[in-house]
Amino acid sequence: MNLKALPQRRRGAEDAQRNAKTLAFPLRCLSLRLCASAVRFFLLAFAAFAISSAPTLADEGGRTARPAIDIANPGKCVAPAEEMRRNHMEMLKHQRDRTLRQGVRGEAASLNACIECHASKQTGSVLGSNDNFCQGCHAYAAVKLDCFECHQPKAGFKAAGVKP
Amino acid sequence: MSSQDKNPRRAFLAAAGTGVAGLGFTVIAPGLHLMAVAGNADAANAADARKPGSAASPAVRWGLLIDANKCAPGCRKCIDACHSENGVTEKLPDPRQNSQWIRKIELVDRRTGHSTQLPMMCQHCAKPPCVDVCPTGASMKRADGIVLVDRHICIGCRYCMMACPYKARSFVHTPLHEQNPEVPRGQGCVEGCTLCVHRVDKGLQPACVESCPEGAMSFGDLNDASSAIAKQIASVPTTQVRADLRLDPGVRYQGI
Amino acid sequence: MMKPDPRNKESLFYLTAAIGALVSATGVAAALYMEHQGHVVTGMNNQIVWGLPLIVAIFLIVSASGVLNIGSMASVFGRVLYKSRAPLAGLLAVAMLTGGLAAIMLDLGRADRIMVAATHVNLTSVFGWNMILYPVFYSLVAVYLWTMMERRMNPWSKVVGFATFIWRVVMTTGTGCIFVFLVARQAYGTALLAPMFIIMSFAWGLAIHILTQAAMYAANGTQLPALVLQRTKNLLGSFVAATLYFTAVMHLANIYFAKNTAFEYFILMNSEFTSLFWVGQVLLGSLLPLALLYHPATAARGAWVNLASLLVILGGLIQLYVFIIGGQAFPLDIFPGYEVKSSFFDAEVDHYAASLPEMLLALGGIGIAFTITLIGVRVLDFMPHDDPAQLEAAGSKTD
């Protein structure tokens, strides 16, 4: 699975990178998630106002750029790429609820399993740069990624002082 | 992590079925269940790892028995083991803002001067006030009695910390990066002892129990009359902390 | 009184609105900073988990309910005098609830999950009830304002007023119940808190209404009718006295219970909260306003009544500070009868000092309430219009 941008779509890739820089980086840095929820909060009180001020994504029309993603271990996924792209969030969400709330272990969908396969060879992580698996696509799609506030994004990570 | 069952709905049905079957099993044939788990005394404490795809069973009630007489003064092994197992490593300038999933408490009886110490953690109540007050249902009790925080829906209101009679919960005051993969925890959520749920589900004992050099802590199924912990509780006097509140904690103490 | 120059009035509005907006924006910025750094930048910790933003939020939310008492006096208890003042009360209620909710929600550890709070409701939680209580309150007040301000809807105002009255009693009971349903805290866990919060809401809400109304009359260069002043200040006096009464009963009962004596000694005799309680809450917040409201030399003067209202507000904030911070600073009694020591500060009295971001967030909540009120009274007619004939009729009756 190679998602590297095609040569003729060079400009699009640059746009994507610029978008990722201007939209996604401050998204983490300035904690735009708070802004987003403040917007949602005011949405309840001042619906009309909020709708008019909600951020809209630039539509690139036909020249759709694709994110450049480096997958360390391709081809071993629990489902075909098309299905994963569309449904990974639903799969993870239902799995997380079953695992945490009911105690079901060993399911096919597992965030840790995603990380083990998809962590970049350079950084050992699914985050860190826009070439890395999770961050790359989420920055491209400008979708907030909330897993790693709590989950460890590095494969095989052991906290300092933990027995091997 | 591998799984034999890739169909989530089937897995769910199986999980639900196991839960119901487990309940029926103990109601109808407690003796059989008991035989299934009974082995040598140590291994009987922790049941075998649950089958992949099966849910925690309401027939089980995990608990701890802590013998304060055996707890050695100055020893911090359980605390270190817990905090390293769970990746609780941050050191903030104000120590009151650091998380403590488990702590050592030194007690001196005001009237007699008798002194004891004991480890204190989430008491995994049967009627947990933290679960009652949680506005989103993030604070929850698993079918097998383990009280957890679902950080996916915790909004960080800290009401559970106000409600807990044991000061057992901490609030994560800073962004974290050193989490262990099996123990997610993060800024802005409340957390506490999970009874090492990730180990228990694999059939292991909680880190604190395993680390205690004095053997002062034992872990097991309180509902299973043949488990070492249940036998111990039946034979020696034990107490629940703040038993007057009638919360029925799953952690019991001996020698206080 | 001299009529102010309309041009000055115009610039005064824009100046105060700008200040209000600035204070609100600073509050939101402070919340963003807290969100980014974590609560490490606050004075809160694992023992004192609720700090200044929550105190101000509870004050605003309780007052929002209480201020509507003005409306209820007219629509439920038939007091003509308050009828023309009810719309302002409705505006203040909406403004203060908004400011209070903003402060409380921006203080959450995960403020970005407000939608989670709205979509996952645990009905055994008092905070969970609030997810139902507050939106319904908003809607009821909005409809109530509509029935009062739209002439054709006037006939409905009594019914809606009554519904609002019931709802805000329930709502403030809920606010009190946040502290009622705490099984192990010595400062809380008494059902007395529910009615006490309702009485407190009456006092604080009325005090805020009196000051807002005074500011509006001053800006318009008109004078509050003496009868109105006299009636409202008597009402405020009775609410302040009732709050003091509840406070006394609660502490007296606690002093008798041996398990709570240490806590009472802590609050009333031997802590940083002692002077706040006696000087701030009792003397400045209750006794002095009562003296000002009933002493013949000050009782009939608007300025003194305003000062008394200001003191009631200040006393209310101090009361909540002592109640919320003091209640958490005193350690849980996990092992009754034992000396306790631990690395987690068990059995130790905690100390709280609000940090700058917390103060700014708390102020921001007040700023939001202020700005909404200011813009509201500017764009719509919330100025009370008294009918002299009705006033005279009301004055001849003895209430």
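The values are calculated or read from the model by the stated rules, or taken from the named source; none is laboratory data. Everything quoted here is computed from the prediction, not taken from an experiment. Virtual Cβ from ideal backbone geometry, glycine too; neighbours counted across all protein chains shown.
Listed by position, the helices (runs of 4 or more DSSP H) enclosed by the stretch A:64-164 that each have at least 2 residues that are basic (K, R) and more than 21 Å from B:Q179 (Cβ to Cβ) are A:81-97. Counting only residues that are modelled with pLDDT under 80 and β-branched (V, I, T), which one in the stretch A:38-90 is nearest to A:A108 (Cα to Cα)? Across the stretch A:38-90, the extreme among qualifying residues is A:I71. Checked against (1) touching a residue at least 40 places away in the same chain (Cβ under 8 Å); (2) surrounded by fewer than 16 Cβ atoms within 10 Å (Cβ to Cβ), C:W204 passes all but a single condition, namely (2).
Taking the stretch B:69-163 and the helices (runs of 4 or more DSSP H) fully enclosed by it, the elements with 1 or more residues that are over 23 Å from C:L54 (Cα atoms) and in contact with a strand residue (DSSP E or B) (Cβ under 9 Å, 6 or more places away or on another chain) are at B:77-85.
Among the candidates C:L81, C:L54, C:L88, the residue that is within 14 Å of chain B (Cβ to nearest Cβ) and touching a residue at least 60 places away in the same chain (Cβ under 8 Å) is uniquely C:L54. Listed here are the helices (runs of 4 or more DSSP H) enclosed by the stretch C:296-399 that have at least 3 residues being modelled with pLDDT of 95 or more: C:302-321, C:356-379. Within the stretch B:198-256, the only residue that satisfies the criterion of being touching a Cys at 6+ places or on another chain (Cβ under 6 Å) and of a type in the set (S, T, N, Q) is B:S211. Quick one: which residue in C:V349, C:V340, C:V305 is of a type in the set (A, V, I, L, M) and crowded, with 21+ Cβ neighbours inside 10 Å? Within the list C:V349, C:V340, C:V305, the selection yields C:V305.
Return yes when C:L108 is within 14 Å of another protein chain (Cβ to nearest Cβ), assigned to a loop (DSSP other than H, G, I, E, B) and either within 17 Å of the chain's Cα centre (by Cα) or at pLDDT 95 or above (or both) and no when it is not. It is true that C:L108 is within 14 Å of another protein chain (Cβ to nearest Cβ), assigned to a loop (DSSP other than H, G, I, E, B) and either within 17 Å of the chain's Cα centre (by Cα) or at pLDDT 95 or above (or both).
Within the stretch C:22-42, being among the small types (G, A, S) and within 9 Å of chain B (Cβ to nearest Cβ) holds for one residue alone: C:G38.
Can you find a residue that is touching a His at 6+ places or on another chain (Cβ under 9 Å), over 30 Å from C:A31 (Cβ atoms) and at pLDDT below 95 anywhere in the stretch B:188-195? Looking for residues that are touching a His at 6+ places or on another chain (Cβ under 9 Å), over 30 Å from C:A31 (Cβ atoms) and at pLDDT below 95, one finds none in the stretch B:188-195, hence no. Looking across C:F127, C:F59, one residue alone is among the aromatic types (F, W, Y), within 14 Å of another protein chain (Cβ to nearest Cβ) and more than 30 Å from B:K91 (Cα to Cα). It is C:F127.
Is it fair to say A:C117 is under 28 Å from B:S54 (Cβ atoms), at pLDDT 90 or above and not aromatic (F, W, Y)? So A:C117 does not fit the description; no. Taking the stretch C:180-197 as the range and being touching a residue at least 60 places away in the same chain (Cβ under 8 Å) and assigned to a helix (DSSP H, G or I) as the test, only C:F197 passes. Considering B:K91, B:K141, the condition of being without any contact (Cβ under 8 Å) to a residue 40 or more places away in the chain, within 18 Å of the chain's Cα centre (by Cα) and surrounded by fewer than 24 Cβ atoms within 10 Å (Cβ to Cβ) is satisfied by B:K141 alone.
Of the residues screened, B:G215 is not one that is assigned to a strand (DSSP E or B), touching a residue at least 60 places away in the same chain (Cβ under 8 Å) and not aromatic (F, W, Y).
You will find that of B:K202, B:K231, the residue that is more than 13 Å from every other protein chain (Cβ to nearest Cβ) and out of contact with any Ser or Thr (no Cβ under 9 Å at 6 or more places or on another chain) is B:K231 and no other. Sub-7 Å Cβ pairs linking a first residue in the stretch A:79-108 that is away from chain B (no Cβ under 11 Å) to a second residue that is among the aliphatic types (A, V, I, L, M) and surrounded by fewer than 20 Cβ atoms within 10 Å (Cβ to Cβ), at least 6 apart or interchain, are A:A81/A:M1, ordered by first then second residue. Scanning the stretch B:164-190 for residues being within 14 Å of chain C (Cβ to nearest Cβ), assigned to a strand (DSSP E or B), farther than 17 Å from C:A111 by Cα and not basic (K, R) gives a total of 1.
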